[in-house]
1. Looking for whichever is more than 30 Å from B:TYR135 (Cβ to Cβ) and open to solvent by 80 Å² or more (accessible area, probe 1.4 Å) here; the options are B:LEU50, B:LEU31, B:LEU39. Which one fits?
2. If you scan the range A:2-19, which residues turn out to be of a type in the set (Phe, Trp, Tyr) and open to solvent by 20 Å² or more (accessible area, probe 1.4 Å)?
3. Of these, B:THR140, B:THR97, which one is more than 10 Å from every other protein chain (Cβ to nearest Cβ) and assigned to a loop (DSSP other than H, G, I, E, B)?
4. Take the residues in the range A:109-121 that are of a type outside the set (A, V, I, L, M, F, W, C) and open to solvent by less than 40 Å² (accessible area, probe 1.4 Å), then tell me which one is nearest to the other protein chains (Cβ to nearest Cβ).
5. Looking only at the range A:220-244, which residues are open to solvent by 20 Å² or more (accessible area, probe 1.4 Å) and more than 11 Å from the chain's Cα centre (by Cα)?
6. Which numbered condition in (1) facing another protein chain (nearest Cβ under 9 Å); (2) more than 19 Å from the chain's Cα centre (by Cα) is the only one that A:ILE100 fails?
7. Give me the pairs, please: first residue somewhere in the range B:295-311 and open to solvent by 60 Å² or more (accessible area, probe 1.4 Å), second residue anywhere and among the polar types (S, T, N, Q) and in a helix (DSSP H, G or I), beta-carbon distance under 9 Å, and either six or more positions apart or on two chains.
8. From the set of residues in the range B:253-273 that are open to solvent by 10 Å² or more (accessible area, probe 1.4 Å) and in a helix (DSSP H, G or I), which is farthest from B:ASN63 (Cα to Cα)?
Amino acid sequence: MTTFLQAVVSGLALGTIYALLALGFVIIYRATDVVSFAQPALMVFGAYWAMYFATVIGWNFWVAVVIAAVLGAVMGAVIERLFLRPLVGRPVFSAVMVTIGLDIVLRVIVDDLLGINQRTMGDPFGLQTVNIGGITIPQSDLAAMLGAILVISALLVFYRTTKYGLAMRAAAFDQEAAMAQGIPVGRMFGLAWALAGSMAAIAGTFISMGNSSLSRSTWVFALRALPVIVLGGLDSIRGAIVGGLIIGVAERLVAAYQPGAAPWLGAGFELVVPYIVMLVVLLVKPYGLYGTAEVQRV
Amino acid sequence: MATRPRMIRSHRDAMALVRTPTRAVWLGILLVFAFAAPLWMSNGLLFLLLAGLAYIVGAIGLNLVSGYAGQLSLGHAFFLAVGAYTAAVISGPSTQTTFGLGINEILVWLPAAGITAGLAGFLVGPIATRLRGLYLAIVTLGLVLVGDHVLRTWTGLTGGVGFGRQAPDPTLLGLDLSTTGPILGVDVARSALLYWFSLVVVILLTILALNLVRSRTGRAFQAVRDRDVAAEIMGIDLTRTKLIAFTVSSAYAGIAGAMLTMRLETIEATQFNLLLSFLFIAMILIGGIASIPGSIAGALVIAILPDIAGPLGSVLTPVFETLTFWRADAGFPLDEFQLEQLLYGALLIAFVLLEPRGLIGLWVRVRNYWKAFPFSY
């Protein structure tokens with residue numbers, strides 16, 4: 001029972017980070033109809049900035065996280081302005097291809113900056129744990145969960161209640177109508193990318209904290225957020241959150257039980273669980289749990 | 001009539017593979033050049049070209065499903081792996097760690113690689129045909145990552161990470177293509193024989209693809225890509241068309257996987273990763289979407305990148321060294337693999353932004369400019 005609860009709790013912590021990353025994808029998708037494959041690179045870059053300011057320069061870790069989030073936003077906005085804006089009006093296919101190219105290029109650059117060693121993030125948690133009712137939770141997990149919830153709530157408040165959030169939703173709903181109302185749709189695209197960039201940076205920092213570390217292979221983590229958005233539905237914010245939690249918990253439950261129950265599935269099987277969950281759900285619901293089904297009109 | 005060779009008088013002429021005498025001449029020159037390549041090329045370059053030939057097959061396959069049928073697939077690396085391992089299992093002997101059939105006849109294992117991979121495509125198809133657009137891209141991406149896990153785990157097939165298994169052994173009708181030695185009294189290098197064989201395979205598969213895309217099925221592909229609802233109303237069976245596209249494309253990928261590995265000593269389980277899929281995406285975008293000659297051009301460009309990466313490194317390394325302030329670690333020079341990635345990533349972005357029709361589009365622009373020279377239009 002303790003194993004189970006422990007797996008569920010750490011799964012929820014993981015799930016909130018997945019949700020954070022997935023929201024980045026969803027916001028870009030809603031604004032521009034593009035799934036950004038550049039997100040892994042932005043995530044590693046963001047985590048790199050946090051690590052850099054916290055350990056190389058030696059500033060306070062939380063200050064470093066804020067700087068990383070700001071730099072992530074700047075990178076997202078600049079990328080959108082330089083590489084994605086010229087493609088507005090062209091097939092989605094092209095824009096997706098550019099994000100793939102960007103991911104390749106940015107990842108080479110950040111890999112080079114990072115070097116070949118694993119880096120600790122300089123966070124205050126280390127390997128310390130908290131004991132709640134017999135369940136041992138790493139402090140870093142708890143901090144990541146709370147931090148992610150905070151960021152997600154802030155985003156939701158921004159998106160649902162502020163003027164800019166309304167403008168973003170309007171632009172996502174109908175670009176031409178939004179333009180007719182005087183909303184600078186191009187700037188909303190930039191804003192979406194900036195938000196996604198800073199969320200990726202924060203998520204990257206959170207997953208590298210505690211007993212994990214930042215290395216050249218960290219980027220694969222962001223790819224596991226792709227099943228999350230497909231599971232929840234590409235354009236659904238609720239789907240990103242629910243999907244993130246489902247996949248986080250599923251991954252950690254498998255990690256806890258599969259080595260004992262089905263060792264023939266191999267080491268690291270939990271890392272492909274997100275994709276398997278995604279495939280199963282898609283067989284039943286091709287637009288995910290909450291995605292808008294496309295209506296075909298003739 | 002013979003004085004107006006460019007005049008097209010019938011549908012048959014318009015759809016011909018070689019439409020004008022000029023093209024026939026250039027095609028002939030190109031073929032002579034391609035067949036003569038091993039006679040003057042260095043072994044290193046020939047080795048790259050061998051990869052290039054395999055890339056051509058794979059790129060044509062990807063262009064059929066993504067360029068012609070419009071189904072964005074990031075799962076190409078998975079089907080390459082299926083082909084490569086089918087070939088390796090059929091041709092390789094059973095050892096203590098891996099199983100194999102020990103039939104090293106290339107005419108057996110190369111088609112088998114295509115058939116198995118095609119079958120895999122056919123099995124994945126039903127999931128794929130239910131999905132549209134980016135959902136499909138993400139699912140096929142998942143396929144590569146799940147496939148990667150299977151390859152890492154199934155050591156009987158792959159020999160395990162870090163060990164690998166023997167690559168397919170090319171023997172054509174009893175003649176071992178992988179040895180050096182006199183053949184009919186002439187000294188021929190190992191890669192030359194492999195090259196000629198691969199070239200013939202590539203030519204056959206290219207003709208097959210060209211014929212496919214100008215057939216009823218090929219037109220159905222393009223109708224589905226341009227507007228699937230409209231295509232369906234015209235009486236095109238969407239599921240069937242997508243399934244054919246996936247199956248044929250995967251079969252091409254399987255053959256490409258076998259060809260890509262047969263020039264090597266061992267196959268590593270980790271080489272069939274997402275980057276390989278991206279590499280093929282880069283090929284068709286650089287060459288030209290929905291163009292068979294484009295696929296060939298793109299594949300060759302990507303194949304010779306390793307040769308360009310060296311000189312590029314001497315230019316870029318000083319640039320990257322200026323970043324010392326931002327570095328977490330003492331400087332690591334970019335390795336060749338990273339330079340290659342940097343190069344094809346940049347090419348990918350540049351082509352999509354500046355010339356979406358790829359090298360073929362560039363060529364058409366140049367040709368049209370000179371056709372009407374000195375009048376710009």
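1. Details: B:LEU50 fails: open to solvent by 80 Å² or more (accessible area, probe 1.4 Å); B:LEU31 fails: open to solvent by 80 Å² or more (accessible area, probe 1.4 Å).
That would be B:LEU39, the only listed residue that is more than 30 Å from B:TYR135 (Cβ to Cβ) and open to solvent by 80 Å² or more (accessible area, probe 1.4 Å).
2. So the first thing to find is which residues in the range A:2-19 are of a type in the set (Phe, Trp, Tyr), and the list is A:4, A:18.
Scanning the range A:2-19 gives a single hit, A:PHE4.
3. Details: B:THR140 fails: assigned to a loop (DSSP other than H, G, I, E, B).
It is B:THR97.
4. First pass over the range A:109-121, keeping only residues of a type outside the set (A, V, I, L, M, F, W, C): A:111-112, A:115, A:117-120.
Subset that is open to solvent by less than 40 Å² (accessible area, probe 1.4 Å): A:111-112, A:115.
On the way: A:ASP111: 7, A:ASP112: 6, A:GLY115: 3 Å.
Result: A:GLY115.
5. A:VAL220, A:ASP235, A:ARG238, A:VAL242
6. (2)
7. Here the result reads none, with nothing in the range B:295-311 linked to a residue that is among the polar types (S, T, N, Q) and in a helix (DSSP H, G or I).
8. Just the residues of the range B:253-273 that are open to solvent by 10 Å² or more (accessible area, probe 1.4 Å), to begin with: B:255, B:260, B:263-266, B:268, B:270-271, B:273.
Retained after the next criterion (residues that are in a helix (DSSP H, G or I)): B:255, B:260, B:270-271.
Details: B:ILE255: 15, B:LEU260: 18, B:THR270: 24, B:GLN271: 22 Å.
Checked the range B:253-273; the qualifying residue farthest from B:ASN63 (Cα to Cα) is B:THR270.
The values are calculated or read from the model by the stated rules, or taken from the named source; none is laboratory data. The structure displayed is predicted, hence computed values, not measured ones. When we count neighbours, we look across all protein chains shown, and the Cβ atoms used for this are built from the backbone with ideal geometry, even at glycine. Quick note on the areas: whole protein, heavy atoms, side chains included, nothing else; ligands and nucleic acids left out. Shrake-Rupley method; radii C 1.70, N 1.55, O 1.52, S 1.80 Å.
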